[in-house]
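Heads up: the structure comes next, in C-alpha cells.
The values are calculated or read from the model by the stated rules, or taken from the named source; none is laboratory data. In this text, all values refer to a predicted model and were calculated from it rather than measured experimentally. Here the Cβ positions follow ideal geometry from the backbone for every residue, glycine too, while neighbour counts run over all protein chains shown.
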C-alpha cells in the first residue's frame, strides 16, 4: 500500500482550460470537493463516483448524469495525449448505476492514465451541479503474512491452548505456541477468555465484508446463503457477467494466472514488485476469529462464538471497488440497495479488514455509507492498514465514525507494519510476526493469529486452520468483542449501547501498553472482559469488588500485573485458623502502586484495615503477625500507569 496525496477542493472558475464565464463565479458559486488521492493503480481508471447536489437534474436522471461527465470529457479531450496523437478513439461516458448513498457510478469507454483521470476528475468538479467526485478506487484485503496450516496438537477445542494466545489475558505468562522452540511472555492478549464468563455473542449478527466464506465445520454457516456477493465486475468476481449474485460464498481470489498480469489487462505488475498469489481465504480467517464455534471439541475458538456471521463478498481477484463496498455497507446494516433483495438479517456490527490508499473525507462515498450504517445503530470496525504509516492517509481507516483498529503482537508492542495516528481508536492482537514483536528475522508461530482457513489453491477444497498476521487480524478481535458487549447487555436487559457508546466502552477499558508504543495506536490494547463488565455496569476487573478478586495461593508469586493510573486490581487469599505472619506484597515492574488490605471484604483507598503507600515505587508490603482466619483482600491501586508488577501473599501455616 502507498501513501496518497491529499484530497482537494476546487472552484470551477479557476480550472485550467475552462473559459471564464462558463460557470458561476464569486463567493456564492457552488464548490465541489474532489479526491485524486487514490490515483495509484498502474492499470488506469475507468470508473468514477460522482455525487450531484440535491435539486439538480443530474441527481435524479441517469442520462443527465452521464451527459454531465461526457461534457467534462469533451472539455478535457485536448489534454489527452493519446487522443491528440490520433492513437485512440474519442472517449465516451457510460452510466453505471445509482449507489445506495445516492451517488452515481459513471464509467469511461477506456481506461484513463493517472494524469488523464486527474484531469477528468477536476473537470467534473467544475460543474456547479457536482458536490463531490472521486475515482472508484480498488480496495484490498489487509493481511501481511500467512503461515501454513497448523500441525495437529494433542477448553475442548483442541488447538485453542496451543495456538490462540491472542484470546488470553496479558498477564506475562510464558506461552509456547505451536512448533516454536521458544516461549514468549504474553503481554498482548485481548482477555477474551475471561469475557466468556459473561457473554458469548448470542443474538448478534456480525457482517464480514471481505472475500466471502468457505465451507468449514468449525463455523456456523447458517447465514452464508443469506449473504450477498456485491462484486459488480466479472473480471473481479470470476463470474461470466458483471451481475451481482446471492450468497456470501468465497469462490477464490487468486491472481496466479497470466490473465491477472497488468500487461494482459489485470492488476499484477511484477516490475513494481507485485507478486501473483493463490487464494487467500481471508474472509474465512476473519470470520473464524469473530465467531468460530467453541466447546465443540473441534479446532479453535472464536471471540463471540455464538454470534452469527453474515458473509458479504466485496473482494475478489485484484481486490474490490469502492462503489461495491459502499453499497455493501448500506445493505449489511439494513439499508436498501437497488437491484439487491433487502437484507433480512441486518448486522449490529460490520467488520472491514480491507482498505487502500487515500484519506476519507466526510463527503466521500465510503464515509456516507458508514454514516448511514451508524444511523441504523450498526458499529463499523475497520483495519488501520499494514503500511507502517499514518492511518489518516488510508480508507476506510480515516472515515469519520469508523472504529479503527491497529495491531500489536504477543509482547504488546505495536506490530512494525501497523498503521498508526489519531484516527486509531485502540489496538488488538494482530500478530507481531517476529520474535518478541521485532522488526525482522524469521517468522514465529507466536507472531501470528490463528483461525479457520481453506486448503484450496484456487477454488476452495478442504477446511483447515492457519495463521495470518496484520491489522486484518486485529480488527475481528474488536468486532467480536462488540458482539460480546451487545449480547451481554441484551441478556441483562440493559439499554443497548450506541456505536459512539461502544467506542467509549472499548477505549476507556483498554489495557495500558506494557511498553510505550513508538507510534500512537490508540487508547491501549483491547480488554474484552473489562469492556463487557463496564457495559453491564459491573465493577470493572480490578476495581474493588469481591467477585472480581483474583485468587492467590500461599507463597506463589503472580507476575505480569498491569493497570492504569487510578485503576485497581483486587486479589484474595484464604487464611486458615492459627496461621501466622501473613505477608502481602507488590514489587517489580514499572510505574507506581499503593497497597490496601482488608479482612472479609474488598479493600479500597477509603476502606481498609492496613495500607502501604510508599511514594514512587511498586515495592509495597503489609505484614500481619497474627491474622484472623478468613478471606483477606489485597487491592493494588495505580498511582501511575503500571506494568509487570508481581503480587504475592504468604503465611506460616498452623
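A few points about this structure:
- Test: residue in the range 335-350 that is under 30 Å from residue 257 (Cβ atoms), assigned by TED's automatic domain parsing to the domain that holds residue 224, crowded, with 24+ Cβ neighbours inside 10 Å and in contact with a helix residue (DSSP H, G or I) (Cβ under 7 Å, 6 or more places away or on another chain): no
- Matching entry among 500, 530, 491, 520 (being surrounded by fewer than 20 Cβ atoms within 10 Å (Cβ to Cβ) and over 24 Å from residue 352 (Cβ atoms)): 491
- The listed residue being within 26 Å of residue 534 (Cα to Cα), more than 42 Å from the chain's Cα centre (by Cα) and outside the structural domain of residue 172 (by TED's automatic domain parsing), out of 578, 600: 600
- Residue 278 vs. criteria in contact with a strand residue (DSSP E or B) (Cβ under 8 Å, 6 or more places away or on another chain), assigned to a loop (DSSP other than H, G, I, E, B) and over 20 Å from residue 431 (Cα atoms): no
- The set of residues from the range 227-246 being part of a loop (DSSP other than H, G, I, E, B) and within 23 Å of the chain's Cα centre (by Cα) comprises 227, 230, 231.
- Residue among 178, 172 that is in contact with a strand residue (DSSP E or B) (Cβ under 6 Å, 6 or more places away or on another chain), farther than 30 Å from residue 228 by Cα and modelled with pLDDT under 95: 172
- Of all the residues in the range 323-367, those that are under 14 Å from residue 382 (Cβ atoms) and not in a loop (DSSP other than H, G, I, E, B) number 14.
- Among the residues making up the range 602-619, a single one is over 27 Å from residue 512 (Cα atoms) and part of a loop (DSSP other than H, G, I, E, B): 609.
- Within the range 576-611, being surrounded by 22 or more Cβ atoms within 10 Å (Cβ to Cβ) and closer than 14 Å to residue 555 by Cβ holds for 582, 584.
- Identity of the residue in the range 453-488, surrounded by fewer than 24 Cβ atoms within 10 Å (Cβ to Cβ) and closer than 22 Å to residue 349 by Cβ, that ends up farthest from the chain's Cα centre (by Cα): 488
- Segments classed as helices (runs of 4 or more DSSP H), wholly inside the range 455-541, with at least 3 members that are in contact with a strand residue (DSSP E or B) (Cβ under 7 Å, 6 or more places away or on another chain), in the same structural domain as residue 424 (by TED's automatic domain parsing) and within 27 Å of residue 390 (Cβ to Cβ): 471-492, 499-509
- Restricting the range 620-639 to residues that are surrounded by 14 or more Cβ atoms within 10 Å (Cβ to Cβ) and assigned to a loop (DSSP other than H, G, I, E, B) leaves a set whose member that is modelled with the highest pLDDT is 627.
- Taking the range 640-654 as the range and being surrounded by 15 or more Cβ atoms within 10 Å (Cβ to Cβ) and in a strand (DSSP E or B) as the test, the residues that pass are 642, 643, 644, 645, 646, 647, 648, 649, 650, 651.
- Among residues of the range 370-405, those that are out of contact with any strand residue (DSSP E or B) (no Cβ under 9 Å at 6 or more places or on another chain) and either more than 18 Å from residue 207 (Cα to Cα) or buried (at least 23 other Cβ atoms within 10 Å of the Cβ) (or both), counted: 2
- Close pairs (9 angstrom Cβ cut-off, 6 or more residues apart or separate chains): on the phi > 0 side of the Ramachandran plot and in the same structural domain as residue 213 (by TED's automatic domain parsing) in the range 126-144, modelled with pLDDT of 90 or more and part of a loop (DSSP other than H, G, I, E, B) anywhere: none
- Evaluation of residue 596 against (1) on the phi > 0 side of the Ramachandran plot; (2) in a strand (DSSP E or B) (one fails), failing number: (1)
- Residue check for residue 256: surrounded by fewer than 19 Cβ atoms within 10 Å (Cβ to Cβ), out of contact with any strand residue (DSSP E or B) (no Cβ under 8 Å at 6 or more places or on another chain) and more than 19 Å from residue 456 (Cβ to Cβ): no
- For the range 262-273, the criterion of being over 21 Å from residue 382 (Cβ atoms), crowded, with 16+ Cβ neighbours inside 10 Å and at pLDDT 95 or above is met by none of the residues.
- Qualifying positions in the range 196-226 - buried (at least 24 other Cβ atoms within 10 Å of the Cβ) and assigned to a loop (DSSP other than H, G, I, E, B): 199, 201, 204, 211, 212, 214, 216
- Listed conditions (1) over 30 Å from residue 317 (Cα atoms); (2) at pLDDT below 95; (3) crowded, with 18+ Cβ neighbours inside 10 Å are all met by residue 146, apart from (1).
- Residues that are on the phi < 0 side of the Ramachandran plot and out of contact with any helix residue (DSSP H, G or I) (no Cβ under 8 Å at 6 or more places or on another chain), drawn from the range 275-293: 275, 277, 278, 279, 280, 283, 284, 288, 292, 293
- Residue list for the range 596-615, filter: over 25 Å from residue 654 (Cβ atoms) and at pLDDT 90 or above: 596, 611, 612, 613, 614
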